[in-house]
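Colleague: Let me give you the structure first, and then I'll get to my questions.
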Amino acid sequence: MPPSEYQERLKRQCLDIVLDVVPSWAQLGHVRLVCESGSNHWCGPWWEVRCVSGGPSRVVHLVHKGPDGRGCTRLKALRMLREELLSMR
């Protein structure tokens, strides 16, 4: 499976876990995953679970995972987020 397909599958799993762990987050607004930085950033990439309600100015950051240092990939940071979410179950 190409990395991009694997990454998309991990993102879907993370969102499913989020909505399973705390269903009330879905009531706050649209829940999505966002990668905040490229892997060339000095501290590496990180992923956030965000809840957008009422427009871009009303963003709630629910879970933040990363960075793991320079050289960390988006995929590795996404795996870290998935593990963090699984530990919340």
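Colleague: Would you please list the contacts, defined by Cβ atoms under 8 Å and residues six or more apart or on different chains, that run from a residue in segment 1-26 that is more than 12 Å from Val49 (Cα to Cα) to a residue that is at pLDDT 85 or above and surrounded by 11 or more Cβ atoms within 10 Å (Cβ to Cβ)?
Modeller: From residues that are more than 12 Å from Val49 (Cα to Cα), the pairs are Met1/Arg9.
Colleague: Considering every residue within segment 31-54, establish whether at least one is surrounded by 14 or more Cβ atoms within 10 Å (Cβ to Cβ), out of contact with any Lys or Arg (no Cβ under 7 Å at 6 or more places or on another chain), in a loop (DSSP other than H, G, I, E, B) and modelled with pLDDT of 75 or more.
Modeller: no
Colleague: Follow-up question, since we're still on this one. Could you check segment 1-29 and list, in sequence order, the residues that are exposed (fewer than 12 other Cβ atoms within 10 Å of the Cβ) and not in a helix (DSSP H, G or I)?
Modeller: Met1, Pro2, Pro23 - these are the residues of segment 1-29 that are exposed (fewer than 12 other Cβ atoms within 10 Å of the Cβ) and not in a helix (DSSP H, G or I).
The values are calculated or read from the model by the stated rules, or taken from the named source; none is laboratory data. No experiment lies behind these values; they were computed from the predicted model shown. In this analysis, Cβ positions are derived from the backbone assuming ideal geometry, glycine residues included, and neighbour counts consider all displayed protein chains.
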